[in-house]
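The values are calculated or read from the model by the stated rules, or taken from the named source; none is laboratory data. Since this is a predicted model, take the numbers as computed values, not measurements. Quick reminder, even Gly has a Cβ in these numbers, built from the backbone with ideal geometry, and neighbours come from all protein chains shown. These area figures cover heavy atoms from the full protein model, side chains too; ligands, DNA and RNA do not enter into them. Shrake-Rupley method; radii C 1.70, N 1.55, O 1.52, S 1.80 Å.
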Amino acid sequence: MTARETIAAISTPLGEGGIGIVRISGEEAFRIGKKIFVPKKDPTRDYPRSHYLYYGHIYSEQGELIDEVLLTFMRAPRTYTREDTVEINCHSGIFTLRLILKRVLEAGARMARPGEFTRRAFLNGRIDLSQAESILKIIRARSDEAVKIAASNMQGRLSQEIREIRESILNLLARIEAQLDFPEELEEEETALGREIENELGRIKELLENMARGAERGRAMQEGLVSAIVGKPNAGKSSLLNALLREQRAIVHEVPGTTRDLLEGYLNIRGYPLCLIDTAGIHQTDDPVEQAGIARAKGAIADARLLIIVLDGSTAWSTDDEAIASLIQPGQLVVVVINKKDLVQKISMDEVTRRFPGYPVVRTSAINNQGIEQLEEIIEKILDQNLGTIAGETPVMVNLRHARIVQEACEQIGEALQAAVTQPLELATIGLREAWVKLGEITGETASDELLERVFSEFCIGK
Ligand SMILES: Nc1nc2c(ncn2[C@@H]2O[C@H](COP(=O)(O)OP(=O)(O)OP(=O)(O)O)[C@@H](O)[C@H]2O)c(=O)[nH]1
Ligand SMILES: [Mg+2]
């Protein structure tokens, strides 16, 4: 382990709370802890004992009392960073926490950068890169399933699978190379080996494909599936958002064009976290502000995985509805809501089925909370069908970076397979090597400094 500066940060959110924690990590941690902390009881000869909770007080340099605290000295390597660590549990007020941190910095620590504690855990070999990223995912999880997935990856589930796949790739490379070194081998053996290589490549490809398949569900569970509520002005989009969120989140008004900007709300529909975006009503207008809102609405539609298209059942089918139907992109999930079912219905169902063929349709009355449960049921069904459940053994990726790497590796293995079938075996080694290097970026074995910088900068200070 190389000597590094001792770092410190406030590790709990800034604000009022029961307890706040200031964390110190590095060679100087114990010295700093002992300098600023006065234990209540006279310390015994073995003070400070590792992983032992001490009660006492922190004083300023001038000897003024700052706070009453519980303090732990933790000797490396049994710590988060694998370095000597001190944690100070104090009363959580912004000023107390800041005063204690200031005191720690005066005593010789330097302020930690975002994610630096976790980065040290990585550099000191306690966790690999994907495990570090899973810690961040746990912190940001938006559903129970997301916590479970991230926790299992934090334990190294994903890393283990990736290591096994990389190992298989290396073995295969070794076998191909041995073959290339002894070209005098009999032709018959060569075809047998060729078939074996093909089979192994096929197996590796399938493992990667399974992982890629589970990734979208994993990410949706982690971040919330991006879903846009769209429709013509006054259809009841904002009312529907409020009904789904069960709070008066958006302004609802009889004047068309009420919603101008995008409005986001998070909700959990039967275990699926959704990031629900209310948008401005789409129609032809000369008003520049409305036009700007409509442009944003169209952007949100383009980015959404799920579209909740709201039609006003009490008005006739219009060119605006027509225009909205044409915004659906291939691969997007769609549910059609005919709102205002409490009023006399004027909308033509023929037009609805003509323009939205095959999409589920549900009637609601957003202001009376009618049909909302049916809508939720339909959304659940759509997500069940399209986000596929994950095969039991396959680890789930929730990280876009990992998913992209696996996708790329999958393509490279595909190319290797192609080469193994049609061309001299040498060509297959190129794809295999590329896939091996690429997959190493998941665990961090082949990650560049720039990549590490990018990953850890996403963490907050103190983690
Ligand atoms: N009768 C009836 N009125 C509704 C229903 N849903 C919404 N409204 C009314 O329709 C009007 C428009 O509702 P909003 O939710 O603001 O509609 P919107 O689609 O967000 O409209 P814009 O933001 O202007 O595009 C309001 O007066 C609502 O009270 C419904 O189910 N039944
Ligand atoms: Mg609105």
Subset of region 326-352 (residues that are open to solvent by 10 Å² or more (accessible area, probe 1.4 Å), in contact with a Phe, Trp or Tyr (Cβ under 8 Å, 6 or more places away or on another chain) and not in a loop (DSSP other than H, G, I, E, B)): GLU351
Residue that is farthest from ligand 2 (Cβ to nearest atom), among those in region 259-280 that are under 20 Å from ASN369 (Cβ atoms) and surrounded by fewer than 21 Cβ atoms within 10 Å (Cβ to Cβ): ARG270
Meets criteria (among the aliphatic types (A, V, I, L, M), over 14 Å from GLY236 (Cβ atoms) and either assigned to a loop (DSSP other than H, G, I, E, B) or not assigned by TED's automatic domain parsing to the domain that holds ALA366 (or both)) for ALA316: yes
Members of region 142-170 found to be in contact with a Pro (Cβ under 9 Å, 6 or more places away or on another chain) and of a type in the set (A, V, I, L, M), listed by number: ALA146, ILE149, LEU158, ILE162
Residues (more than 24 Å from ALA316 (Cα to Cα), open to solvent by less than 50 Å² (accessible area, probe 1.4 Å) and within 11 Å of ligand 2 (Cβ to nearest atom)) located in region 245-258: ALA250
Residue in region 254-285 that is farthest from LYS237 (Cα to Cα), counting only those that are near ligand 1 (Cβ under 9 Å from one of its atoms) and in contact with a strand residue (DSSP E or B) (Cβ under 7 Å, 6 or more places away or on another chain): ILE282
Residue in region 35-45 that is open to solvent by less than 70 Å² (accessible area, probe 1.4 Å), part of a helix (DSSP H, G or I) and in contact with a strand residue (DSSP E or B) (Cβ under 6 Å, 6 or more places away or on another chain) present: yes
Hits in region 213-244 (condition: buried (at least 24 other Cβ atoms within 10 Å of the Cβ), in contact with an Asp or Glu (Cβ under 7 Å, 6 or more places away or on another chain), of a type outside the set (D, E, K, R) and not in a loop (DSSP other than H, G, I, E, B)): MET221, ILE229, SER238, LEU241
Pairs with Cβ under 8 Å, 6+ apart, first in region 276-302 and farther than 24 Å from LEU245 by Cβ, second among the aliphatic types (A, V, I, L, M): HIS283/ILE294; HIS283/ALA323; THR285/ILE294; GLU290/ALA280
Residue match in region 153-160 (condition: assigned by TED's automatic domain parsing to the domain that holds ALA29, open to solvent by 50 Å² or more (accessible area, probe 1.4 Å) and assigned to a helix (DSSP H, G or I)): no
Answer residue from region 61-71, given it is open to solvent by 20 Å² or more (accessible area, probe 1.4 Å) and touching a helix residue (DSSP H, G or I) at 6+ places or on another chain (Cβ under 9 Å) and is farthest from GLN131 (Cα to Cα) among those: GLU61
Unique match (being in the same structural domain as ASP181 (by TED's automatic domain parsing), crowded, with 20+ Cβ neighbours inside 10 Å and touching a Gly at 6+ places or on another chain (Cβ under 7 Å)) among LEU439, LEU417: LEU417
Unmet criterion (only one of (1) among the acidic types (Asp, Glu); (2) out of contact with any helix residue (DSSP H, G or I) (no Cβ under 7 Å at 6 or more places or on another chain); (3) touching a residue at least 24 places away in the same chain (Cβ under 8 Å)) for ASP84: (2)
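Condition check ((1) in contact (Cβ under 8 Å) with a residue 24 or more places away in the chain; (2) open to solvent by less than 50 Å² (accessible area, probe 1.4 Å); (3) farther than 18 Å from GLY462 by Cβ) across all residues:
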| residue | (1), (2), (3) |
| --- | --- |
| ILE100 | yes, yes, no |
| VAL104 | yes, yes, no |
| MET111 | yes, no, no |
| PHE117 | yes, yes, no |
| ARG120 | yes, yes, no |
| LEU129 | yes, yes, yes |
| ILE135 | yes, yes, no |
| ILE139 | yes, no, no |
Output for region 219-246, where each listed residue is at pLDDT below 90 and not small (Gly, Ala, Ser): ARG219, MET221, GLN222, GLU223
First in region 357-368 and open to solvent by 40 Å² or more (accessible area, probe 1.4 Å), second anywhere and within 16 Å of ligand 2 (Cβ to nearest atom) and part of a helix (DSSP H, G or I), Cβ under 7 Å, 6 or more apart: ILE367/SER239
Test: GLU380 is closer than 30 Å to LYS340 by Cα and either modelled with pLDDT under 90 or surrounded by 14 or more Cβ atoms within 10 Å (Cβ to Cβ) (or both): yes
